[in-house]
Structure formats: C-alpha cells, structure tokens
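**Student:** Provided herewith is a single structure, encoded as structure tokens, for subsequent inquiry.
The values are calculated or read from the model by the stated rules, or taken from the named source; none is laboratory data. Bear in mind the structure is a predicted one, so any value in this text is a computation, not a measurement. In this analysis, Cβ positions are derived from the backbone assuming ideal geometry, glycine residues included, and neighbour counts consider all displayed protein chains. In case anyone asks, the SASA skips ligands and DNA or RNA and just uses the protein heavy atoms, side chains included. Shrake-Rupley method; radii C 1.70, N 1.55, O 1.52, S 1.80 Å.
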Number of protein chains: 2
Amino acid sequence: MTEKGEKNSFGERARTRFFGDADRLCGAFESADGTARFGYREWRRSEGGGGGRAALLLGGEVIEKAAVNFSAVRGCFSEEFASRIPGAGGDGRFFATGVSVIVHPRSPRLPTMHMNVRFLETTRWWFGGGADITPMRPRGEWGGMSSVDYFRGALRGLCETHEGAGDWPRFSDWCDRYFWLSHRGETRGAGGIFFDVMGVDEGSEVVISSWEGGFGFVCGLVDVFIGCIGEILCGGGEWSEEERAEQLRRRGRYVEFNLLHDRGTRFGLETGGDVDAILSSLPPTASWDT
Amino acid sequence: MTEKGEKNSFGERARTRFFGDADRLCGAFESADGTARFGYREWRRSEGGGGGRAALLLGGEVIEKAAVNFSAVRGCFSEEFASRIPGAGGDGRFFATGVSVIVHPRSPRLPTMHMNVRFLETTRWWFGGGADITPMRPRGEWGGMSSVDYFRGALRGLCETHEGAGDWPRFSDWCDRYFWLSHRGETRGAGGIFFDVMGVDEGSEVVISSWEGGFGFVCGLVDVFIGCIGEILCGGGEWSEEERAEQLRRRGRYVEFNLLHDRGTRFGLETGGDVDAILSSLPPTASWDT
C-alpha cells in the first residue's frame with residue numbers, strides 16, 4: 001500500500017483536487033456577491049499531522065456569511081472511536097481530506113446551501129459527501145420554489161450521469177434521513193443528496209467498481225454545486241421584517257441540527273479539529289423567539 | 001412507599017411548592033421589566049403522565065427573553081436510559097418535578113442568569129439543581145463585576161446557612177465543571193452552584209440526613225435567585241453597537257453549551273418532554289460572525 005496521503009497515492013490526488021476546489025468555491029461565492037472578499041486562516045492539528053485552511057466571507061451584499069473549509073489530516077483514532085470507523089478496528093491510523101461549504105445569504109428569499117465531499121483512508125478507503133438546500137421560509141411554502149427545484153434537478157442529473165456511483169432515489173432519501181431533526185420530527189431542509197462509505201470493498205455502503213468512479217462522482221458534485229451558486233444566489237429582492245424574522249427562526253433550526261445531531265460536527269470536535277472551522281457552518285445570526 | 005407524586009408524598013409536596021415558585025419567579029421578572037408580561041402555555045406528555053407549564057416573556061424593555069418552565073411528569077425510563085439513573089435499574093418507573101428559569105436581558109451590560117431545581121423519584125429519591133450567571137462581555141472583563149460578586153455571594157450565603165446540604169466550595173467547583181465547553185476549553189459563565197443526586201441513601205452524590213434538609217435547600221435556592229432578579233436586572237444603561245455584537249457572540253457560546261453538552265437538555269429531549277419548553281433556554285438572538 002502506498003503511504004496514506006503520500007505523492008501519487010489516492011489520498012494525495014484527492015487532497016490536491018479538494019484544495020483547488022476550495023479556491024474555485026471561494027471564487028464563485030465572491031462573484032455571486034460582487035463586493036465582499038474571503039479572509040483565509042490556516043490551522044495545524046495539535047495532535048497527529050496535517051491541518052487545513054478556513055476561508056470565511058462575512059457581511060457581503062448578497063452573502064451574509066459563507067465558509068469554505070479545506071482540511072487534510074492524519075492521525076490515529078482513539079480505540080473507542082476506531083471501533084465505529086470502517087477498517088480502523090485493528091489499526092487506528094487514518095488520513096482524511098475534504099472540503100466543506102456553507103452559505104447563508106442575506107435575503108430571506110434565498111436559501112441556505114451546504115456541500116461537503118471527503119475521502120478517508122484507514123486500512124480501507126472510501127468517499128462520502130452530500131449537498132442540501134434549506135429555504136428560509138415557512139415549511140408550507142417550500143413546495144415549488146424554483147431554487148429548490150433547480151438544486152434538486154442538478155443533483156439528480158449528477159447521479160444519472162454517474163451511474164456506477166450516483167443513485168438519486170437512494171441518496172436523496174438518505175439526505176432526508178440524515179438531515180433529520182428527530183426532536184422536532186422534521187427534516188432540516190428541502191432535500192439534496194447524502195452518501196457515505198462509498199468504496200470498492202464488499203462491506204461498503206455504496207459499492208463502486210474503481211477509485212476513479214468514486215472520485216469522478218465527488219468531483220462532479222463540487223462542479224454541480226459551483227454551478228448552483230451563481231444560479232441560485234441572485235434576485236433576493238426586497239423583503240419584509242416578517243420574512244427576516246422567519247429567516248432567523250429557520251436558522252435557529254439549522255443550529256439545532258448542527259449541534260444536536262450532525263455527526264460531522266461531532267467527528268470534528270472529537271478528533272481535535274479546529275473548533276472555529278468546524279463551527280463556521282453556524283449562521284451569522286439566529287433567533288429563538290417563540 | 002407512598003405512590004410517587006401522590007397526595008402528601010414527597011413528590012406532591014415538591015410539585016406544589018415548585019408550581020408556586022414558578023408563579024413567584026414570573027412575578028419577579030415582570031416587576032424587574034416593568035412593562036412586559038408572561039404568556040403561559042400548558043403541555044401534556046404524550047407518553048406516560050403529567051406535563052407542565054411553559055411561561056415565556058418576550059421583547060420587554062429590560063428583559064429580551066425570560067422563560068420559566070414548571071413540569072411534573074411520571075413514566076418509565078427506557079432500559080438503556082434507566083441503567084444511567086440511580087435506583088431505576090430494576091424498576092424504570094419515575095416521577096420528576098422541577099422548575100427551570102432563564103433570563104436573557106436586553107442590555108449587554110446585564111448578565112444572563114439561569115436557575116433550576118428538581119426532585120426525582122425512582123426506587124430512590126433525590127434533589128438536584130443549580131444556578132449560574134453569564135456576563136455578556138469579553139471574558140477578560142468578568143473579574144470584579146458587581147453583579148457576579150452579588151450573585152456568587154448570595155449563593156455562598158445560601159450554602160453556609162444550610163450546612164447539612166449546601167457546600168459552597170464543592171458546589172461552586174461542580175458548577176464550573178458542569179458548565180464546561182470542552183470543545184473550547186472554557187466555562188460557560190462566571191460561576192454559581194451545581195449539585196445532583198442529593199439524597200439520604202449512602203450512594204448519593206450529596207448525602208443529607210432528611211428529606212426536609214434537601215427540600216429546605218432547594219427552596220432556599222429559589223428564594224435567593226428571586227432576590228437576585230431585582231438586584232441584578234437594573235441599570236443596563238446605554239450601550240454601544242460593539243457591546244451588542246459581543247453579547248450576541250457570548251449568546252452563541254450559550255447555545256453551543258446547551259445543545260452540545262447540557263445533560264438536562266438531552267434528558268428532556270430523550271424522555272419526550274415538550275421541545276419548545278426544553279429549548280426555551282436558547283437566547284432570543286445569537287450570532288456566529290467570527
């Protein structure tokens with residue numbers, strides 16, 4: 001086996017691509033906003049190796065907050081943690097690289113969007129990721145929103161052009177089950193896709209025939225998401241105080257999901273990731289006023 | 001054994017007193033605000049028995065949000081849950097009653113305050129509770145704040161006048177350890193007291209000699225807290241935009257604690273409590289803008 005994350009290895013190819021993706025994502029957000037610019041902060045992992053780059057855009061005209069986090073870390077899972085990770089039971093060493101994106105637009109008429117792709121290596125390797133969209137209006141008004149239709153349509157198209165990896169019925173259902181606020185009995189948003197442990201091993205959640213097949217799918221996901229940015233983050237128009245209040249309430253639900261339920265957030269905090277980078281998904285402002 | 005929560009039982013005495021405490025707490029907040037009034041909502045538990053009353057004050061001149069939650073519920077813990085609860089291993093039936101309070105003042109110069117007392121019965125019984133104060137200013141400025149000194153002094157006095165139950169060095173340390181944001185390596189607030197499993201059984205965390213001793217201590221805690229309301233929630237003065245921004249950031253940390261770490265919140269959500277009542281501790285508005 002090539003050393004995890006070393007030159008020409010699967011890990012190194014994923015890391016290089018994801019770092020470039022982070023730059024392209026930042027560029028797409030800056031174009032959509034028109035004025036605001038990202039600030040960049042590099043961080044190193046205190047234990048193990050590696051680190052990442054947190055990119056944050058705040059207070060734009062169109063975008064109130066956007067975060068683009070790239071990371072590539074290596075280390076050794078704690079015994080308790082390793083037992084829950086595929087292929088880490090006997091040998092807890094791992095390499096993980098990924099890019100994670102969130103955008104909270106200023107206008108309550110524009111949806112919050114999120115995307116994440118990741119590649120993990122233990123004694124096995126696999127891809128995971130997803131993308132979902134969350135309108136900031138009362139749930140009863142989500143049906144037939146053009147941004148939701150556009151977003152879901154783009155992801156459906158992605159799945160259908162990557163037949164060996166993508167599976168729209170399964171991944172969209174997985175999204176609804178993953179982004180689930182069990183304490184409220186409702187989904188976080190209006191859907192998208194979610195998938196995990198996509199690999200060539202028989203025990204994988206999603207069995208693919210080759211590394212290239214999985215890599216092509218996650219790279220395609222980034223491209224499709226970038227295409228959605230310019231298309232969806234425009235035309236926010238004028239809005240009422242009531243629409244703003246509802247937006248802040250919906251953002252409150254977003255916070256509830258990320259802190260109460262999101263496994264990615266817990267994974268990050270439990271493996272000594274950068275706290276501010278992990279929590280940069282939280283909205284710029286949220287309210288609980290009912 | 002008297003049926004749990006029945007007339008003249010320990011449970012019934014605690015429930016009656018806590019319900020009256022909830023009314024007195026609401027009255028004290030309304031007096032401190034001067035204009036705003038509480039709205040009341042009763043809820044029933046879908047499984048098991050009992051319910052509670054959620055009282056919420058929003059948008060006052062002094063108080064931006066205050067919540068006073070009374071509950072008295074009976075039921076049966078799930079097997080997995082029961083194993084973590086004293087005296088519930090063999091027989092999962094329980095009765096629990098308590099009152100929980102939070103206040104988020106409008107002025108960034110006034111602290112957020114929280115208090116909770118509870119009485120639980122399984123095959124054993126015990127009291128638990130606590131109170132803590134959280135300034136909304138940068139941590140470096142917390143030392144020597146008169147509201148913090150007043151609050152801590154009042155709780156210290158309470159412990160010292162209830163020698164058989166209260167223990168200031170231990171309970172104030174317990175508070176700092178309980179309200180601990182492990183992911184940031186910092187306490188939630190500037191201290192107070194916390195205690196749990198205060199009972200007559202030998203295995204109790206806090207061994208007391210009689211039910212009356214514990215009951216007197218928790219009733220005293222409510223009284224001391226009520227005394228702090230009028231004393232601390234005044235003189236908020238004028239404040240700058242910068243002070244408001246810092247307040248919203250500190251409230252963000254409050255949200256992080258309550259959703260990531262608070263065992264009370266998880267207990268409530270896992271035992272089918274009223275979601276809006278449980279999450280009414282969350283601030284009216286919070287921000288994550290760094």
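**Student:** For A:R24, place a label point 7 Å out from Cα along the Cα→Cβ vector, do the same in each other copy, and report the separations in nm, one decimal, smallest first.
**Tutor:** From this label point to the equivalent ones elsewhere in the assembly: 6.6 nm.
**Student:** Now a separate question. Rounded to the nearest 0.05, what FRET efficiency do A:R24 and A:D173 have when you use their Cβ-Cβ distance and R0 = 30 Å?
**Tutor:** After rounding, the FRET efficiency stands at 0.55.
**Student:** Next question, about the same structure. With a 1.4 Å probe and every protein chain kept in, tell me what percent of the accessible surface of chain B is carbon plus sulfur. Please report the intermediate quantities before stating the final value.
**Tutor:** On the way: 5540 of 11790 Å².
Taking all protein chains in place, chain B shows 47 percent carbon and sulfur surface.
**Student:** Averaged across A:56-67, how many Cβ atoms of other chains sit within 10 Å of each residue's Cβ atom?
**Tutor:** 1
**Student:** Which whole-number value in Å² is the accessible area per residue of chain B, probe 1.4 Å? Don't skip to the answer; put the middle values down first.
**Tutor:** Values: 11790 Å² over 290 residues.
About 41 Å² of surface per residue is accessible.
**Student:** Can you classify region A:145-214 as rounded, prolate or oblate using the Cα gyration tensor, where a ≥ b ≥ c are the square roots of its eigenvalues, rounded means a/c under 1.5, and otherwise it's prolate if a/b beats b/c and oblate if not? All intermediate terms of the calculation are to be shown ahead of the outcome.
**Tutor:** On the way: a/c = 3.86, a/b = 1.43, b/c = 2.70.
Since a/c reaches 1.5 but b/c is at least a/b, the shape of region A:145-214 is classed as oblate.
**Student:** Students often check this: by mean Cβ neighbours within 10 Å, which of A:200-206, B:30-36, A:100-106 ranks highest, and how do the rest follow? Kindly include the intermediate steps, with their values, before the conclusion.
**Tutor:** Working: A:200-206: 14.0, B:30-36: 16.0, A:100-106: 24.4.
With the highest mean Cβ count within 10 Å placed first, the list reads A:100-106, B:30-36, A:200-206.
**Student:** I've got another one for you. Taking square-rooted eigenvalues a ≥ b ≥ c of the alpha carbon gyration tensor, is region A:144-183 rounded, prolate or oblate, where a/c under 1.5 means rounded and, failing that, a/b exceeding b/c means prolate?
**Tutor:** On the way: a/c = 3.89, a/b = 1.24, b/c = 3.14.
It comes out oblate by the Cα gyration axes.
**Student:** What are the DSSP H helices in chain B that stretch 30 Å or more along their long axis, judged by alpha-carbon atoms, and whose average Kyte-Doolittle hydropathy comes to at least -1.0? Please list the in-between numbers first.
**Tutor:** On the way: long enough: B:10-33 (34 Å, -0.56); B:211-232 (31 Å, 1.34).
Long hydrophobic helices here: B:10-33, B:211-232.
**Student:** What are the nm distances, shortest first, from A:R84 to its equivalents in the other copies, labels at 7 Å along Cα→Cβ?
**Tutor:** 1.2
**Student:** Sticking with the crude label model, points 7 Å out along Cα→Cβ, report the distance from B:E79 to B:V200 in nm, one decimal please.
**Tutor:** 3.3 nm
**Student:** Still on this structure, I have one more. Work out which residues of region A:226-273 lose at minimum 30 square angstrom of accessible surface when the other protein chains are put back, relative to the chain isolated, with a 1.4 angstrom probe, and list them by number.
**Tutor:** SASA drop of 30 Å² or more in region A:226-273: A:L259, A:L260, A:R266, A:L269.
**Student:** Using a ≥ b ≥ c from the Cα gyration tensor of region B:200-290 (square roots of the eigenvalues), is it rounded, prolate or oblate, where a/c under 1.5 gives rounded and otherwise the larger of a/b and b/c decides, a/b for prolate? Spell out each step's value before the answer.
**Tutor:** Details: a/c = 2.81, a/b = 1.53, b/c = 1.84.
It is oblate, given that a/c is not under 1.5 and a/b is not larger than b/c.
**Student:** Expressed in nm to one decimal, what extension gain is obtained for the pair B:Y40 and B:D276 from 0.36 nm per residue of sequence separation less their Cα-Cα distance?
**Tutor:** Working: separation 236, 0.36 × 236 = 84.96 nm, distance 1.24 nm.
Using 0.36 nm per residue and subtracting the Cα-Cα distance, I get 83.7 nm.
**Student:** What is the antiparallel percent of DSSP beta bridges lying wholly in the protein assembly as shown, to the nearest 5?
**Tutor:** Around 95 percent of the beta bridges assigned by DSSP in the protein assembly as shown are antiparallel ones.
**Student:** Still on this structure, please answer the following. Please compute the contact order of chain B in relative form: average sequence separation of alpha-carbon pairs under 8 Å and at least six residues apart, divided by the residue count, as a percent.
**Tutor:** Numbers: 563 pairs, mean separation 47.8, N = 290.
Answer for chain B is 16 percent.
**Student:** How large is Rg/Rh for region A:10-281, to two decimals, with Cα atoms and a Kirkwood Rh? Let's see the in-between values first.
**Tutor:** On the way: Rg = 18.0 Å, Rh = 18.9 Å.
Ratio value, two decimals: 0.95.
**Student:** Top mean-square fluctuation among A:V99, A:V148, A:V207, Gaussian network model of chain A, C-alpha springs under 10 Å?
**Tutor:** Per the Cα network of chain A with a 10 Å cutoff, A:V207 tops the list.
**Student:** Ok, one more. Buried accessible area for the B:A pair, summed, 1.4 Å probe, in Å² rounded to 100?
**Tutor:** Values: alone 12820 and 12840 Å², together 23600 Å².
Counting both chains, the buried surface is close to 2100 Å².
**Student:** If you take each beta carbon of peptide A:278-287 and count the beta carbons of other chains within 10 angstrom, what is the mean?
**Tutor:** Shielding by partners across A:278-287 averages 5.
**Student:** Roll a 1.4 Å probe over the protein heavy atoms and report the accessible area of B:Y178 in Å², nearest 10.
**Tutor:** Roll a 1.4 Å probe over it and B:Y178 shows about 30 Å².
**Student:** List the distances, in nm to one decimal, from the label point of B:C219 to the label points of the same position in every other copy, shortest first, placing each label point 7 Å from Cα along the Cα-to-Cβ direction.
**Tutor:** Shortest to longest, the spacings are 7.4 nm.
**Student:** Nearest 500 deg cm²/dmol is fine: what mean residue ellipticity at 222 nm does chain A get from its DSSP H runs of n ≥ 4 alone, each adding -39,500 (n - 2.57), divided by its residue count?
**Tutor:** On the way: 8 runs with 105 residues, N = 290.
Helix contribution divided over all residues of chain A: -11500 deg cm²/dmol.
**Student:** Right, another one. Tell me, what HN-Hα J-couplings in whole Hz come from the Karplus equation 6.51 cos²θ - 1.76 cosθ + 1.60 at θ = phi - 60° for each residue of region B:273-288, using x for Gly and Pro?
**Tutor:** x, 6, 4, 5, 5, 4, 8, 5, 6, 5, x, x, 8, 8, 9, 10
**Student:** Binned at 20 Å from 0, what are the whole-percent values of the Cα-Cα distance distribution for the protein assembly as shown, short to long?
**Tutor:** Histogramming the protein assembly as shown at 20 Å steps yields 19, 48, 29, 3 percent.
**Student:** Here's another thing I want to ask about it. Identify the residue of chain A whose Cβ lies closest to the rotation axis that maps chain A onto chain B, and give that distance in whole Å.
**Tutor:** In residue-and-Å form, the answer is A:L259, 2.
**Student:** Could you give the size of the charge dipole of the protein assembly as shown about its Cα centre, using +1 on the Cβ of each K and R and -1 on the Cβ of each D and E, expressed in debye and rounded to the nearest 20?
**Tutor:** The dipole of the protein assembly as shown has a size of about 140 debye.
**Student:** Right, next: When every alpha-carbon pair in region A:62-145 is counted, what percent end up more than 22 Å apart?
**Tutor:** On the way: 1609 of 3486 pairs.
I get 46 percent for the Cα pairs in region A:62-145 exceeding 22 Å.
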